[in-house]
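Structure first, then comments.
Read the figures in this text as sums done on the coordinates, not as results from a lab. Since the structure is predicted, the reported quantities are computational estimates derived from the model, not experimental observations. Neighbour counts are summed over all protein chains in view; Cβ atoms, including those assigned to glycine, are modelled from backbone coordinates with ideal geometry.
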Amino acid sequence: MEVAVLGVGNRARKYLSCLPEGVRVSCLVEPEEIRLRQAAVRYGVPEEGCFRDAASFFAVPHPEVRAAIVAAPDRLHVPLALACVERGWHVLLEKPAAIDDEGYISLMEAADKAGVHVGVCLELRLHPFFRRMRELAAHLGPISRIDHEEHIGPDRMSHTFVRGLWSQKAATGPIFLSKCCHDADFLMWLAGAGKALEVESSGSIERFRSDRAPEGAAIRCIDCPLERTCLYSAVDLYRRRGEWTGGFDVPDGLTLADVIESELREGRYGRCVYHCDNDVYDTQTVTALLEGGLRINMHLEGTSGREGRVTQIIGERGVLTARDGRLRLMLDGHVNAIEEDDFSSLNDVPLHAGADAALVHDFLESIECGREPAASLRSAYPGHHLCFLAGE
Ligand SMILES: NC(=O)c1ccc[n+]([C@@H]2O[C@H](COP(=O)([O-])OP(=O)(O)OC[C@H]3O[C@@H](n4cnc5c(N)ncnc54)[C@H](O)[C@@H]3O)[C@@H](O)[C@H]2O)c1
């Protein structure tokens, strides 16, 4: 099978590393020259298969292409996926599948009309911990309420949503959509829930704004007298710990250490978190009543020092809790009805604990077998729809 890849950044490279034998990358579309060149060498894509922009890629026919991976920035998902679907290609589409309801529905209709599969990259559905959570939740009977908290964590929050490419709503979309579409999708899918009927949402920027800067904080971490004690120090994150540097491109003749130093001195990732141009919320609470009567409460927290999700699901027959990689099922009125599973060691397993590879394999198999992918556009709609409403 021949595939085209649109947007060869961090996510696409992960999916490409999971492609099985027999799947060939015949086209790459990527505006950043260095990324395009490095990927072309790595995946053996000839010059004529490399495109710096989508318009020139779509201007020529590609009869060999059967499927596309769309992993470009969020606002391009619908236009790029639509163009692929209209050519009769199956699409593995990064989340969020769309940034609004209108775009989502137009893509869903176009895919149905073309008779192709669009699989959305919602890894939680294939993640071992969350799969087990869904299995255990099946013992609860009808679910009446879900409470869910997502702590983004200081490293991800500062790198991605304050300094990084998801810090401005106009460039990406609301943070609840970017970050919590995984959660809304998974929880609603687990509960077999329908669309949201009523949504209340409130959010704000509580911490990452200039009037909350500690006294004496400099504009860049590298110049800051408080850097050694700041939870959000870029010097600590990139130079000392070497975390979150996978997205830094290293031009020929330079090293990663050179690129980090240049980011710290003059790049977006060296800026003080209290002096950035972020406008997405760092805390948001969403409460929804869903078709069928289920209530779901979700809280996104970008200011706490911890990272991870905490979930409690209440059903007719008991309660399931999930936190810190542990699952605990308590069934009412039964002796020995507590089941505990510990998945905390999975935190160290790369590629979302194997879920990225599972997603790619599932997508390819769905094409071969003519069945829906694990997270089809239609099945992922209720979760996205809730996020669109919460974002509004
Ligand atoms: N599934 C997940 O868990 C997960 C995690 C992180 C990000 N994402 C999503 O994956 C997508 C990509 O994120 P990323 O972290 O790889 O970002 P990235 O910036 O590393 O990659 C995006 C790439 O798209 C390229 N691009 C820009 N305009 C383009 C165009 N017109 N045509 C083709 N390519 C274009 C960029 O140059 C960049 O290389 C985003 O939509 C993001 O929300 C998903």
(request) Give the value in nm², to one decimal: projected area of the alpha carbon convex hull of the range 1-144, averaged over all directions. (result) 10.5
(request) Using packing as a proxy for protection, rank 151-162, 191-202 so that the peptide with the highest average count of other Cβ atoms within 10 Å comes first. (result) 151-162, 191-202
(message) Below 11 angstrom from the Cβ of residue 2, what's the summed charge of the other residues (Lys, Arg +1; Asp, Glu -1)?
(response) +1
(message) Give me the dipole magnitude in Debye, nearest 20, for the range 211-270 about the Cα centre, with unit charges on the beta carbon: positive for Lys and Arg, negative for Asp and Glu.
(response) 200
(request) Return the calculated 222 nm mean residue ellipticity for the chain, to the nearest 500 deg cm²/dmol, obtained by summing -39500 (n - 2.57) across DSSP H runs with n ≥ 4 and dividing by the residue count. (result) -8500 deg cm²/dmol
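Tally the DSSP beta bridges in the chain and give the antiparallel ones as a percent, rounded to 5.
Once the DSSP bridges in the chain are tallied, antiparallel ones form about 60 percent.
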(message) Compute the distance from the alpha-carbon center of the range 122-141 to that of the range 70-94, in whole Å.
(response) 28
(request) Report the net charge of residues surrounding residue 265, where surrounding means a beta-carbon distance below 10 angstrom and charges are Lys +1, Arg +1, Asp -1, Glu -1. (result) -3
(request) Would you count, across the chain, every pair of lysines whose alpha carbons are under 27 angstrom apart, provided the pair is eight or more residues apart or spans two chains? (result) 11
(message) Spelling out what I want: for every residue of the range 165-181, take phi, set θ = phi - 60°, compute 6.51 cos²θ - 1.76 cosθ + 1.60 (Karplus), and round to whole Hz; glycine and proline get x.
(response) 7, 10, 8, 10, 4, 5, 8, 10, x, x, 4, 4, 6, 4, 9, 9, 5
(request) Would you mind classifying the range 141-181 by shape? Square roots of the alpha carbon gyration tensor eigenvalues, ordered a ≥ b ≥ c; an a/c under 1.5 is rounded, otherwise it is prolate if a/b is larger than b/c and oblate if not. (result) oblate
(request) Give, to the nearest whole percent, the P(r) tail of the range 211-270 beyond 15 angstrom, counting all Cα pairs. (result) 48
(message) Highest mean first, how do 287-298, 170-181 rank when packing is the count of other Cβ atoms within 10 Å averaged over residues?
(response) 170-181, 287-298
(request) Let me know the charge dipole size of the chain about its Cα centre in debye, to the nearest 20, where only the beta-carbon of Lys, Arg (+1) and Asp, Glu (-1) is charged. (result) 300
(message) Between the range 1-62 and the range 197-244, what is the separation of their alpha carbon centroids in Å?
(response) 35
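Taking the mean number of other Cβ atoms within 10 Å as a proxy for protection, how do you rank 94-100, 34-40 from highest to lowest?
Sorting 94-100, 34-40 by mean packing, highest first, produces 94-100, 34-40.
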(request) Net charge near residue 326: determine it from the other residues with C-beta under 10 Å of the C-beta of residue 326, scoring Lys and Arg +1 and Asp and Glu -1. (result) -2
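Please compute one quarter of the surface area of the Cα convex hull for the range 95-146 and express it in square nanometres.
Its Cα hull, projected and averaged over all orientations, spans 5.4 nm².
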(request) Calculate one ³J(HN,Hα) per residue across the range 275-291 by plugging θ = phi - 60° into the Karplus curve 6.51 cos²θ - 1.76 cosθ + 1.60, and present them in order as whole Hz with x for glycine and proline. (result) 10, 10, 10, 5, 10, 7, 4, 10, 8, 7, 10, 10, 10, 9, 9, 9, 3
(request) If a/c stays under 1.5 just call it rounded; otherwise compare a/b with b/c (prolate if a/b is bigger, oblate if not). Do that for the range 259-392, with a ≥ b ≥ c from the square roots of the Cα gyration tensor eigenvalues. (result) prolate
(message) Using only the alpha carbons of the range 164-214, what is the convex hull's orientation-averaged projected area in square nanometres?
(response) 5.3
(message) Restricting the calculation to Cα positions, tell me the Rg (one decimal) and the Dmax (whole number) of the chain in Å.
(response) 21.7, 67
(request) Would you pull out the residues with amide H under 5 Å of residue 28's amide H, same chain only if 5 or more places away, H placed 1.01 Å from N? (result) 5, 50, 51
